[in-house]
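The values are calculated or read from the model by the stated rules, or taken from the named source; none is laboratory data. Quick caveat: nothing in here was measured; it's all calculated off a predicted structure. Positions of Cβ are backbone-derived with ideal geometry, glycine not excepted, and every protein chain shown enters the neighbour counts.
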């Protein structure tokens, strides 16, 4: 039986890059690019009209950048998953991508090998980080993971699911607990570890080996 088709809108202001990525994606039998855009504003309009499964966005685009476009897309079409395809591998860009609601982050230099896997992963409800990004985040961690603060088994479960990109409601459904309980666990985890946002949680989860590239 053939795989369900995944529909994609692709936005990048560089035509050569955009066309090359489209060729990579359309070489896969389960992927179909249904629209392309050369700036963020056009990408928002396309997603609003076409409602693709996934929007692949460059971060640096004219008119409306990819981060702003992602926020608008998720307000208008919340079922569409966002993947950033970027040349930037710095932590600050990844952190902003998470804040904008990204489910995936792939470096342009790895598009031919990583983007297809990223699209399939986010379509299944998972998060996908370019392996180079996970290595960077891991390198930013200090200290031996064996000496990090111990969490309870339930807190480790919640941490893993948060790092994988699940919402509080999705975590509650998976663990068969209330959303309020999930929120309480998240608060306790961040207080115990002295962490302040989801990017820090992802870095910790990588160092503990809870999530893998």
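Restricting to the range 45-86, name every residue that is in a helix (DSSP H, G or I), touching a helix residue (DSSP H, G or I) at 6+ places or on another chain (Cβ under 7 Å) and over 21 Å from residue 129 (Cα atoms).
Correct list: 47, 48, 72, 76.
Please give the number of the condition residue 96 fails out of (1) in a helix (DSSP H, G or I); (2) touching a strand residue (DSSP E or B) at 6+ places or on another chain (Cβ under 8 Å).
(2)
Any idea how many residues of the range 26-44 are touching a helix residue (DSSP H, G or I) at 6+ places or on another chain (Cβ under 7 Å) and either in a helix (DSSP H, G or I) or outside the structural domain of residue 114 (by TED's automatic domain parsing) (or both)?
The total comes to 3.
Which one of these does residue 118 not meet: (1) touching a helix residue (DSSP H, G or I) at 6+ places or on another chain (Cβ under 9 Å); (2) in a helix (DSSP H, G or I); (3) surrounded by 17 or more Cβ atoms within 10 Å (Cβ to Cβ)?
Residue 118 satisfies every listed condition except (1).
Evaluate the range 137-157: report whether one residue or more is within 25 Å of residue 81 (Cα to Cα) and at pLDDT 75 or above.
yes
Against the definition (surrounded by fewer than 17 Cβ atoms within 10 Å (Cβ to Cβ) and either free of Cβ contacts under 8 Å to residues at least 40 places away in the same chain or not assigned by TED's automatic domain parsing to the domain that holds residue 129 (or both)), how does residue 168 come out, yes or no?
no
Conditions tested, residue by residue: (1) in contact with a strand residue (DSSP E or B) (Cβ under 9 Å, 6 or more places away or on another chain); (2) surrounded by 16 or more Cβ atoms within 10 Å (Cβ to Cβ); (3) at pLDDT 75 or above.
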{"residue": "135", "(1), (2), (3)": "no, no, no"}
{"residue": "162", "(1), (2), (3)": "no, yes, yes"}
{"residue": "174", "(1), (2), (3)": "no, no, yes"}
{"residue": "182", "(1), (2), (3)": "no, yes, yes"}
{"residue": "199", "(1), (2), (3)": "no, yes, yes"}
{"residue": "205", "(1), (2), (3)": "no, yes, yes"}
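Take the conditions surrounded by fewer than 19 Cβ atoms within 10 Å (Cβ to Cβ), at pLDDT below 80, at negative phi and more than 10 Å from the chain's Cα centre (by Cα) and apply them to residue 110. Does it pass? I'd like the intermediate steps shown before the answer.
Details: surrounded by fewer than 19 Cβ atoms within 10 Å (Cβ to Cβ): yes; at pLDDT below 80: no; at negative phi: yes; more than 10 Å from the chain's Cα centre (by Cα): yes.
When the stated conditions are applied, residue 110 does not pass them.
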